[in-house]
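Data first, discussion second: the structure below is written as structure tokens.
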Amino acid sequence: GAVVSQHPSWVICKSGTSVKIECRSLDFQATTMFWYRQFPKQSLMLMATSNEGSKATYEQGVEKDKFLINHASLTLSTLTVTSAHPEDSSFYICSARDGTDYYSPLHFGNGTRLTVT
Amino acid sequence: EDKVVQSPLSLVVHEGDTVTLNCSYEVTNFRSLLWYKQEKKAPTFLFMLTSSGIEKKSGRLSSILDKKELFSILNITATQTGDSAIYLCAVEANSGYALNFGKGTSLLVTP
């Protein structure tokens with residue numbers, strides 16, 4: 001089945017620094033990937049839709065200059081949290097589907113737990 | 001505005017019990033409804049439902065969709081402690097293909 005790999009699985013950084021999270025589709029090509037954020041005991045909230053070769057589409061309330069998304073190839077999307085602050089601490093999860101299969105479900109990476117100190 | 005509502009929000013049962021989790025939704029241009037199980041990490045896929053009345057089954061888990069009444073149920077029979085997790089319901093619309101998640105049902109199965 002479709003496999004989505006996300007790296008790193010956890011990261012601790014200091015306030016003001018930037019952190020890059022990678023999301024790869026391992027055995028399929030993904031023209032679109034989705035980035036979600038999950039706070040403790042809450043559901044997944046869509047942050048942005050990453051489109052290969054074009055600009056990402058951000059959900060209302062998500063700062064595009066703070067959460068930089070790059071989808072440079074059909075198998076890789078990156079999310080960079082710039083100038084991180086403690087309130088950015090969260091669980092970030094990427095997802096993608098095999099676009100060649102209309103009924104393929106979204107598959108998720110294992111997530112990245114970000115802690116900003 | 002698209003909406004996904006799950007109930008109950010939390011549930012505690014004994015091993016061997018049968019549970020039914022509910023998901024109701026409102027979405028424009030419905031494409032599919034999906035169930036995921038989330039333990040400590042990211043959600044793992046359980047079922048994808050696109051047609052009404054057709055039960056999907058995998059071992060002790062089963063799910064069915066009612067597109068007229070706009071809801072789905074997830075059944076787990078003969079529950080085991082390993083079934084303890086958060087079960088997420090998500091709905092997908094034709095536009096954008098992103099998933100809109102409910103808040104989840106937190107299930108705890110006690111020995």
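The values are calculated or read from the model by the stated rules, or taken from the named source; none is laboratory data. Every value quoted in this text rests on a predicted model; they were computed, and no experiment measured them. We place every Cβ from the backbone using ideal geometry, glycine too, and count neighbours over all the protein chains shown. Quick note on the areas: whole protein, heavy atoms, side chains included, nothing else; ligands and nucleic acids left out. Shrake-Rupley method; radii C 1.70, N 1.55, O 1.52, S 1.80 Å.
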Against the condition more than 11 Å from every other protein chain (Cβ to nearest Cβ), touching a residue at least 12 places away in the same chain (Cβ under 8 Å), surrounded by fewer than 19 Cβ atoms within 10 Å (Cβ to Cβ) and closer than 15 Å to residue A:106 by Cα, how does residue A:11 come out, does it pass? no
Can you pull out every residue in segment A:62-74 that is within 14 Å of chain B (Cβ to nearest Cβ) and not in a strand (DSSP E or B)? A:62
How about segment A:67-80: which of its residues are in contact with a strand residue (DSSP E or B) (Cβ under 7 Å, 6 or more places away or on another chain), open to solvent by less than 70 Å² (accessible area, probe 1.4 Å) and either touching a residue at least 40 places away in the same chain (Cβ under 8 Å) or not aromatic (Phe, Trp, Tyr) (or both)? A:69, A:71, A:75, A:76, A:77, A:78, A:79, A:80
Go through segment A:24-36 and give me each residue that's out of contact with any Asp or Glu (no Cβ under 9 Å at 6 or more places or on another chain) and closer than 24 Å to residue B:103 by Cα. A:34, A:35, A:36
Residues of segment B:56-82 that turn out to be without any contact (Cβ under 8 Å) to a residue 40 or more places away in the chain and surrounded by 12 or more Cβ atoms within 10 Å (Cβ to Cβ), as a count: 9
Across segment B:71-106, what is the number of residues that are of a type in the set (A, V, I, L, M) and more than 27 Å from residue A:96 (Cβ to Cβ)? 3
Going through segment A:81-110 one residue at a time, which ones are open to solvent by less than 10 Å² (accessible area, probe 1.4 Å), more than 13 Å from chain B (Cβ to nearest Cβ) and β-branched (Val, Ile, Thr)? A:81
Those residues that are part of a loop (DSSP other than H, G, I, E, B), over 30 Å from residue A:15 (Cβ atoms) and at pLDDT 90 or above, I need them from segment A:75-115; list them, please. A:75
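Residues checked against (1) β-branched (Val, Ile, Thr); (2) touching a residue at least 12 places away in the same chain (Cβ under 8 Å); (3) within 21 Å of residue B:44 (Cβ to Cβ):
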residue	(1), (2), (3)
A:65	no, yes, no
A:84	no, yes, no
A:90	no, yes, yes
A:103	no, no, yes
